[in-house]
């Protein structure tokens, strides 16, 4: 059984000293939360797992650089963000729209609050559930399943313009019902998906 840490400074100190108990506590406490956060950025299970694994490994490898007065929680979330951006840049050429997406992520990370973030996600998901049936189905196929508009049109046996209209309507409804402060999370969850 690993030691339970209540004090950030003590946890950082034991990590720096190479105590495996501290590392086990770190993984047990933050793995699930970081996974949920990373998945909201990537919408990709495999990429998310890679990100989380890399963050924990690098935290251990470079533990000598940790500072006792830095929040370990904040450090981990920013590390996930940085790892995501690194992989994102390696995999994609950056367009103007992607820069907007990255800026939205940066805004959310710089003022990160796990409880508030989850509340925003819950609010957005509630609004999605309240969308008209066809509108909701089209939106989720696009933003959750990652299908292109052409693929959705073929799957639902409707025109491309109908698909575009449903997605536009969904965004319009959701944006009107959520606060501006929640828009950045909307970007994180569904904002920009680069397709060929």
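Looking for something in a helix (DSSP H, G or I) and at pLDDT 75 or above - is there at least one such residue anywhere in region 142-149? Yes, the conditions are met somewhere in region 142-149.
Looking at residue 116, is it loosely packed, with under 15 Cβ neighbours inside 10 Å, at pLDDT 90 or above and farther than 24 Å from residue 145 by Cα? Answer is no for this residue.
Scanning region 66-87 for residues that are in a helix (DSSP H, G or I) and within 20 Å of residue 24 (Cβ to Cβ) yields 72, 73, 75, 76, 77, 79, 80. Against the numbered list (1) at pLDDT 85 or above; (2) surrounded by fewer than 18 Cβ atoms within 10 Å (Cβ to Cβ), residue 80 comes up short only at (2). Taking the criterion of being without any contact (Cβ under 8 Å) to a residue 24 or more places away in the chain and surrounded by 15 or more Cβ atoms within 10 Å (Cβ to Cβ), the only residue of region 45-74 that qualifies is 48.
The values are calculated or read from the model by the stated rules, or taken from the named source; none is laboratory data. What you are looking at is a predicted structure, and each value in this text was computed from that prediction instead of being measured. Cβ sites come from the backbone with ideal geometry, for glycine too, and all protein chains shown count toward neighbours.
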